[in-house]
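> The structure under discussion is supplied below as structure tokens; questions concerning it will follow.
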Amino acid sequence: METTLTLDEINIRYGLQNHIVIEEKTPGFPILTLQSPSATATVAAHGGHVLSYTPNGEEPVLWLSSLSHYREGKAIRGGIPVIFPWFGPHASDSGKPSHGFARTRFWTLHSTRLINGEFPQARFQLTDSELTRTLWPSRFSLELVVTLKESLKVELIIKNEDTEPFTCTCALHSYFTVSHISNIEIQGLEKASYIDQLTGGPHKVQEGPITFDAEKDTIYVDTAATCKIIDPGFKRTVFVEKSGSLSTVIWNPWIDKSARMSDFGDDEYTGMVCIEAANASHNAITISPSQTHILSTSIRAEAI
Ligand code: TA6
């Protein structure tokens, strides 16, 4: 999307009547609204960042903080941040941004289209630059493909544009709205091996469904399982499928960590949980020159 285009010109080129419209949250901060017959989604060009996904007549499935920032260089708090080329703190340089740099810069809107005359799809792109190469030397291109049908599908296509293989960790760091964190459980990771990020130490094994009564920051490894959020308060199950991912990160900051985040309301932890399709820890991926890796997550809600 050429930054020289006016908003009207952008909508002429990329808008799709009744299915995709582009507006500005603030000047120069474009947001796409995608509309299918059964749901609405919004995506910011900044970060290639899915902000919302709401089935018609339902509570929003994705969560956004009321205190999120919407400015270049700052990650939006909520939705689906794109984590690349490293997950978490940089392995050796604490001066580098946590969770890499893909989520804190503007992506280019590459194209939009309608599938079967009713399902909108938008493609965003990000490529290496002088600045990214100061943080991470490899040449790459990323494409984020957002497809809205009854479910929301988000694909991160990572291509090695360099002459040498590179290794990265990555995630689609999805935040979900829940009726109350103490009243839900997450199924699907039973018997999976995990790393407790809060305590470190040896891997443990998940016994039974995941419930919450304190901060949780856990990387489940070597698993491609679908997760389900069982939410009696919203009378629904949210399904979180994934592919191209062998790690699933589960996170709720609880009270103390919420209070330490300026873009996160002190009591907002009660209404959210993260289930992140990732390749983290020893599930890091190595991509050869000219090869691609696709990390994707598909999300839908069903009444219970
Ligand atoms: O995915 C869990 C996590 O790595 C937590 O440790 C927490 O830091 C969260 O990501 C959010 O990180 P951020 O850099 O967005 O504040």
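> Mind telling me which of the residues S129, S174, S151, S193 ends up being more than 16 Å from the ligand (Cβ to nearest atom) and in contact with an Asp or Glu (Cβ under 7 Å, 6 or more places away or on another chain)? I'd like the intermediate steps shown before the answer.
Values: S129 fails: in contact with an Asp or Glu (Cβ under 7 Å, 6 or more places away or on another chain); S174 fails: more than 16 Å from the ligand (Cβ to nearest atom); S151 fails: in contact with an Asp or Glu (Cβ under 7 Å, 6 or more places away or on another chain).
After applying the criteria, what remains is S193.
> Any idea which residue in the range 197-208 is nearest to K257 (Cα to Cα), counting only those that are exposed (fewer than 15 other Cβ atoms within 10 Å of the Cβ) and not hydroxyl-bearing (S, T, Y)?
At the first step, the residues of the range 197-208 found to be exposed (fewer than 15 other Cβ atoms within 10 Å of the Cβ) are 198-202, 204-205, 207-208.
Subsequent filtering for residues that are not hydroxyl-bearing (S, T, Y) retains 198, 200-202, 204-205, 207-208.
Values: L198: 12, G200: 17, G201: 21, P202: 24, K204: 23, V205: 25, E207: 25, G208: 26 Å.
Looking at the filtered set, the residue picked out is L198.
> Could you list, in sequence order, all residues of the range 49-74 that are outside any strand (DSSP E or B) and crowded, with 24+ Cβ neighbours inside 10 Å?
So the first thing to find is which residues in the range 49-74 are outside any strand (DSSP E or B), and the list is 56-61, 63, 65-74.
V61, the sole residue that qualifies.
> Can you find even one residue in the range 211-223 that is small (G, A, S) and within 15 Å of the ligand (Cβ to nearest atom)?
Just the residues of the range 211-223 that are small (G, A, S), to begin with: 214.
Then keep just the ones that are within 15 Å of the ligand (Cβ to nearest atom); that gives 214.
Yes - at least one qualifying residue is present in the range 211-223.
> Give me the residue from the range 243-256 that is within 14 Å of the ligand (Cβ to nearest atom) and not in a strand (DSSP E or B) and, out of that set, nearest to the chain's Cα centre (by Cα).
Start the filter on the range 243-256 by keeping residues that are within 14 Å of the ligand (Cβ to nearest atom), which leaves 245, 247-254, 256.
Next cut, not in a strand (DSSP E or B) only: 245, 253-254, 256.
Values: S245: 13, P253: 17, W254: 20, D256: 24 Å.
Here the answer is S245.
> Sticking with this structure for a sec: Can you name the residue in the range 75-112 that is hydroxyl-bearing (S, T, Y) and within 12 Å of the ligand (Cβ to nearest atom) and is also surrounded by the fewest Cβ atoms within 10 Å (Cβ to Cβ) among such residues? Break it down into steps so the answer makes sense when it comes.
Filtering the range 75-112 for residues hydroxyl-bearing (S, T, Y) gives 92, 94, 98, 104, 108, 111-112.
Retained after the next criterion (residues that are within 12 Å of the ligand (Cβ to nearest atom)): 98, 104.
Details: S98: 13, T104: 19.
Applying the filter and picking the extreme gives S98.
> Among the residues of the range 1-25, what is the count of those that are at pLDDT below 90 and closer than 19 Å to T42 by Cβ?
Within the range 1-25, the first condition is being at pLDDT below 90, and the residues that meet it are 1-6.
From the residues that got through so far, the ones that are closer than 19 Å to T42 by Cβ too are 1.
Matching residues across the range 1-25 total 1.
> If you check T211 against the conditions, is it touching a residue at least 24 places away in the same chain (Cβ under 8 Å) and within 28 Å of D267 (Cβ to Cβ)? Before the answer, list the steps.
Details: touching a residue at least 24 places away in the same chain (Cβ under 8 Å): yes; within 28 Å of D267 (Cβ to Cβ): yes.
Considered against the rule, which asks whether it is touching a residue at least 24 places away in the same chain (Cβ under 8 Å) and within 28 Å of D267 (Cβ to Cβ), T211 comes out as yes.
> Related question: With respect to K204, determine if the residue is without any contact (Cβ under 8 Å) to a residue 12 or more places away in the chain and away from the ligand (no atom under 16 Å from the Cβ).
Values: without any contact (Cβ under 8 Å) to a residue 12 or more places away in the chain: yes; away from the ligand (no atom under 16 Å from the Cβ): yes.
It is true that K204 is without any contact (Cβ under 8 Å) to a residue 12 or more places away in the chain and away from the ligand (no atom under 16 Å from the Cβ).
> For the range 154-171, name all the residues that are away from the ligand (no atom under 16 Å from the Cβ), hydroxyl-bearing (S, T, Y) and in contact with a strand residue (DSSP E or B) (Cβ under 9 Å, 6 or more places away or on another chain).
If the condition is that a residue be away from the ligand (no atom under 16 Å from the Cβ), hydroxyl-bearing (S, T, Y) and in contact with a strand residue (DSSP E or B) (Cβ under 9 Å, 6 or more places away or on another chain), then T167 is the only one that fits.
> E72: away from the ligand (no atom under 11 Å from the Cβ) and over 22 Å from L152 (Cα atoms), yes or no?
Working: away from the ligand (no atom under 11 Å from the Cβ): yes; over 22 Å from L152 (Cα atoms): yes.
The answer is yes for E72.
> Additional query: Does the range 18-39 contain at least one residue that is assigned to a loop (DSSP other than H, G, I, E, B) and among the charged types (D, E, K, R)? Write out each step before concluding.
Going residue by residue through the range 18-39, those that are assigned to a loop (DSSP other than H, G, I, E, B) are 18-19, 27-28, 36-38.
In the following step, the residues that additionally are among the charged types (D, E, K, R) were identified as none.
Within the range 18-39, not a single residue is assigned to a loop (DSSP other than H, G, I, E, B) and among the charged types (D, E, K, R).
Residues checked against (1) part of a strand (DSSP E or B); (2) within 16 Å of the ligand (Cβ to nearest atom); (3) buried (at least 17 other Cβ atoms within 10 Å of the Cβ); (4) over 17 Å from the mean Cα position of the chain (by Cα):
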site	(1), (2), (3), (4)
V238	yes, no, yes, no
E241	yes, no, yes, no
S258	no, yes, yes, yes
S262	no, yes, no, yes
C274	yes, yes, yes, no
A277	yes, yes, yes, no
S290	no, no, no, yes
I294	yes, no, no, no
S298	yes, no, yes, no
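> Right, another one. Just give me the residues in the range 81-91 being farther than 17 Å from Q197 by Cα and without any contact (Cβ under 8 Å) to a residue 24 or more places away in the chain, in sequence order.
Answer for the range 81-91, where residues must be farther than 17 Å from Q197 by Cα and without any contact (Cβ under 8 Å) to a residue 24 or more places away in the chain: there is none.
The values are calculated or read from the model by the stated rules, or taken from the named source; none is laboratory data. None of these values were measured; they are calculated from a predicted model. Positions of Cβ are backbone-derived with ideal geometry, glycine not excepted, and every protein chain shown enters the neighbour counts.
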